[in-house]
1. Quick one: grab Rg to one decimal and Dmax as a whole number for the range 191-258, Cα atoms only, in Å.
2. If neighbour count is taken as other Cβ atoms inside 10 Å, put Arg161, Arg128 in order from fewest to most.
3. So if we plug the beta-carbon distance of Ile279 and Ile146 into 1/(1 + (r/R0)^6) with R0 = 41 Å, what FRET efficiency do we get, rounded to 0.05?
4. Return the long-range amide H neighbours of Gly46 (sequence gap of 5 or more, or a different chain), with a cut-off of under 5 Å between placed amide H atoms.
5. Just to be sure I understand the model, the point goes 7 Å from the Cα along the line to the Cβ. What's the resulting Ile160 to Val320 distance in nm?
6. How many angstrom lie between the Cα centre of the range 64-121 and the Cα centre of the range 140-174?
7. Given R₀ = 51 Å, FRET efficiency for Asp29-Ile207 by Cβ-Cβ distance, to 0.05?
8. When the helix-only estimate is applied to the chain (DSSP H runs of n ≥ 4, each -39,500 (n - 2.57), divided by the residue count), what is the mean residue ellipticity at 222 nm, nearest 500 deg cm²/dmol?
Amino acid sequence: MKCLIFVAIFAYIYAVQAAVYLEEKFNDDSWEKNWIYSKHPGKEFGKFVRTAGKFFNNEEEDKGIQTSEDARFYALSRKFKPFGTEGKDLVVQFSVKHEQNIDCGGGYVKVFDCSLKPEEMHGESPYRLMFGPDICGPGTKKVHVILNYKDKNVLINKDIRCKDDVYTHVYTLIIKPDNTYEVQIDGEKVEGGELEADWDLLPPKKIKDPEAKKPEDWDDRATIPDPDDTKPEDWDKPEHIPDPDASKPDDWDDEMDGEWEPPMIDNPEYKGEWKPKQIDNPAYKGAWVHPEIENPEYTPDANLYKQKEICGLGFDLWQVKSGTIFDNVLITDDVEYAKKALSGLKDTQEGEKKAKEELDKAEKEAASSEDEKKDDDDEDDDDDDEESNNVPPVEEDHDEL
């Protein structure tokens, strides 16, 4: 009974403490009041438009903000009430729909502290973390997870593949107070582990002993040339020889053309450079391993996860081909709340796929109809030309002359 009471109390305390710091679904045009475009000089920034795109499951519910201009930088952000993550989970979640079948461009968000000035935001503005998909050609299709630690941006040292189709996908980053993390796509874990292990946030625990050196008599050659092996006497043959079947052309003039020499061909008897055969090295001691020592510069940090202050989120992107739709932006410390926010995702994806199939079919039929119309027009033009060529000449009335 006491155990049940404790669980209930814990659940109540968690429910009270859990908070949603930012939730943006772009439900109506009021989003423009909260989000601010950068006016940083030197770049031509593109605009976002609120839309569900060309194909969708539910037009009104699926509306987000879409990049609308090709070959543009995008810089849009908003601020909210600041919070810290001490002792709390941090969840950053949002949806991305690369409707344009993106060839090169970002689909990530940046999370800022309160030093952010939205109207001045640009690519070098300091941020606390960057998260989300990035695609550029066949070689770059990954999920960025970049953490700022002691004013240095540090990339994750794992390769996380992102989705590269044209449908809506949700990206979730969870950072926990035990210094672990998890990356999810569509609610499924795709990567996770320890912050210290998967980012170079701290110096390594151990380093190679600078005083240690491989002994001079250490032999790490697994095999050696056989000292008793000798090169055969008939080994040395030239690599190329004069072509024995070649003959001087009849019109060759020694005075004009110089002394004739037959062309060279590969020598079939050439054996290459001789090398003695290899045998096991009786003095082999194995590969020498450099001994390690504790790194005097290493200091553990139990607060790698902790963000002292967060109060801004922004889209700082470059896109060659526009059309990406962002939606359902969420920052919270409630993992369960973020999970529940994904409840309608499968319906959205299935609806999009069905709508995309119908759209493709309609476009194909329209294109086929247009081709048929063009062919008909060409035939009509040919008929007109043929009729004009068959018009009989006008005969003169000689009686009237």
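1. In order Rg, Dmax, the Cα atoms of the range 191-258 give 32.1, 83 Å.
2. By the 10 Å Cβ count, ascending, the order reads Arg161, Arg128.
3. So the FRET efficiency works out to roughly 0.20.
4. Residues meeting the criterion, in which the H sits 1.01 Å from N, are Phe73, Tyr74, Ala75.
5. In this crude label model, Ile160 to Val320 measures out at 2.5 nm.
6. 13
7. Working: r = 57 Å, r/R0 = 1.12.
Taking R0 as 51 Å, the efficiency between Asp29 and Ile207 is 0.35.
8. For the chain, the value works out to -6500 deg cm²/dmol.
Only the coordinates and a few stated rules stand behind these numbers; no lab work does. Remember, predicted model here, so these are calculated numbers, not experimental data. Note that we place each Cβ from the backbone using ideal geometry, even for glycine, and neighbour counts take in every protein chain shown.
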